[in-house]
1. If we count every other residue with Cβ under 11 angstrom of N61's Cβ, Lys/Arg +1 and Asp/Glu -1, where does the sum land?
2. Which whole-number percent of Cα pairs in the chain have a distance greater than 29 Å?
3. In nm, to one decimal, how far is the modelled label at E215 from the one at N303, with both set 7 Å along Cα→Cβ?
4. List the pairs from K66/K375; K267/K334; K261/K410; K156/K216; K216/K375 whose alpha-carbon separation is above 29 Å, in the order I gave them.
5. When only C-alpha pairs under 8 Å and at least 6 residues apart count, what is the relative contact order of the chain, in percent?
6. Largest first, what is the accessible-area ranking of D92, D289, D49, D426 with a 1.4 Å probe?
7. Could you sort K66, K259 by their accessible area in this structure, using a 1.4 Å probe and putting the largest first?
8. Mind giving me the nanometre distance, one decimal, between the label points for A91 and D48, set 7 Å out from Cα along Cα→Cβ?
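The values are calculated or read from the model by the stated rules, or taken from the named source; none is laboratory data. What you see is a predicted model; the values in this text were computed from it and never measured. FYI the Cβ positions are ideal-geometry reconstructions off the backbone, even for glycines, and counts take in every protein chain you see. Just the protein is used for accessible areas: all its heavy atoms, side chains included, with ligands, DNA and RNA removed. Shrake-Rupley method; radii C 1.70, N 1.55, O 1.52, S 1.80 Å.
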Amino acid sequence: MSFDLILFGGTGDLVWRKIMPALFQAFRHGSLPAGGRIVGVARDDLSDDQYRALIKSRFDNVELAKRPSEEEFSRFAAMLGYLRMDLSNPADYAGLAARLQQRPADVVVMYVATAPSLFTVVCEQIAAAGLNGPQTRVVLEKPLGHDLASNRAINKTVRSVLSEQQIFRIDHYLGKPSVQNLFALRFGNSLFEPLWRRETIANIQITIAEDLGVEKRGAFYDNTGALRDMVQNHALQLLCAIGMEPPINSHADAIRDEKLKVLRSLKAWTPETLSQHVVRGQYAAGNIDGEAVPAYRDEKGVNPESTTETFVALRTEIANWRWAGVPFYIRTGKRLAGRDAHIEVNFRPAPHAIFKTSLAGSNVANRLVINLQPKDGLELHLLAQGADQRTGGRNTPSLAPVQLDLDFDKRFGSERVGAYERLLLDVIDGRLNLFVRSDEQEEAWRWVEPILDSWSSQASAPRPYAAGTWGPSAASAMIARDGYCWSEEC
Ligand code: BG6
């Protein structure tokens with residue numbers, strides 16, 4: 001099968017950091033169909049060879065094991081080309097069409113890795129140039145819009161020129177092997193399904209912590225914030241994967257229908273829950289790995305009086321028969337104590353304690369931890385009969401916490417297909433399972449919007465937290481009001 005992959009934003013950050021390294025890995029693994037062409041598109045005046053040289057130089061920043069040798073790069077580079085385009089100029093799309101017609105391909109992927117403000121222009125121009133035929137697939141990066149209205153406007157334009165089957169909305173978390181493992185855990189095994197409900201589960205916690213700050217994206221991030229950057233997409237997709245009903249099969253729409261139902265079932269916000277169940281924070285100066293790091297407001301590109309949140313913790317519920325009353329907590333932030341993404345499923349305590357020990361019935365007893373990163377694995381925390389305790393000359397049986405630990409990196413090797421590699425190959429193959437449908441995305445925006453509105457109407461700023469900590473103490477107070485604690489506090 002021949003393919004053309006057109007990378008709009010071909011000299012941008014995403015192409016250097018994620019897309020090219022992923023394409024090279026797919027090439028190295030022999031999974032990129034032979035006979036493909038990859039064309040970078042940007043405003044710069046570059047020849048094909050200059051573009052290849054630029055890409056080559058950027059591989060110096062990629063970890064050693066994933067860097068091509070001279071020989072590998074020259075074979076990979078044979079697929080690469082470049083086209084100078086002004087994305088708002090219709091004549092330039094005619095040039096693109098001419099280039100594509102030189103050798104018509106079975107599949108044409110248009111990857112729009114540009115600022116979101118260009119999404120609609122690019123899609124309209126692709127259509128005006130007659131490039132939206134059935135072989136065309138368009139990939140749109142997040143964030144798709146800034147709020148519900150802008151998301152709808154983008155979706156409306158894109159849908160007017162392409163069918164939903166041709167639109168691949170990326171949420172790279174869905175491409176992570178660890179997130180696919182979560183689907184495998186739930187829908188490839190029967191063990192947990194009878195327990196996966198309100199009768200047995202006390203609460204679920206989703207943590208996506210980063211120790212990095214905003215890096216070189218200060219200006220972008222300051223206009224975005226953690227709620228739009230992480231919660232509206234990655235965290236809610238994880239919540240869907242945990243909370244959804246088993247789909248009837250593995251087809252994209254069967255999976256997406258179930259995720260949509262979860263999003264539609266999220267409890268609506270009230271003024272009270274907005275004030276009690278949402279905490280926003282912003283990092284102040286602090287220490288990460290023993291090194292002093294600046295406050296968010298002192299980062300390059302950030303407004304010195306910014307009220308953009310770099311941390312969010314919230315509590316919600318999925319209002320349906322399976323989950324009614326079970327709190328789902330989400331927290332995510334930058335410059336936290338470590339890079340750590342995991343989901344904790346906390347089971348209810350034993351209903352009747354026959355062991356006279358302080359651990360019996362404790363909420364730390366039975367816990368399933370799904371580790372997403374940096375390690376990919378599962379921990380099942382149980383209580384076992386430990387060594388007897390001697391008290392007053394008598395032996396008392398005591399329960400001790402133990403855990404079953406499964407490390408998927410050790411079991412399957414850490415060289416598994418990465419998120420972008422998986423997603424790019426899926427686009428070329430036309431598999432939509434790991435991409436987000438427009439109605440899911442809109443529903444997620446609809447749900448976060450009252451939070452955005454309540455923040456914009458408040459005079460107060462986000463709560464400060466020192467870089468290198470787990471966020472503002474209000475996040476601990478929020479979960480403590482339900483009688484629970486975040487994993488590092490229990
Ligand atoms: C991106 C966000 O979508 O996800 C970034 O825009 C964030 O701000 C990144 O750092 C986190 O991805 P990962 O794969 O490193 O957890």
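1. Numbers: positive: R17, R58, K66, R67; negative: D60, E63.
Residues near N61 contribute +2 overall.
2. Details: 65405 of 119805 pairs.
Result: 55 percent of Cα pairs exceed 29 Å.
3. In this crude label model, E215 to N303 measures out at 2.5 nm.
4. Values: K66/K375 19 Å; K267/K334 26 Å; K261/K410 35 Å; K156/K216 32 Å; K216/K375 26 Å.
Listed pairs above 29 Å: K261/K410; K156/K216.
5. 17
6. Details: D92 30, D289 140, D49 105, D426 5 Å².
Per-residue accessible area, sorted high to low, gives D289, D49, D92, D426.
7. Working: K66 70, K259 0 Å².
The ordering from most to least exposed comes out as K66, K259.
8. Once both label points are built, they end up 2.4 nm from each other.
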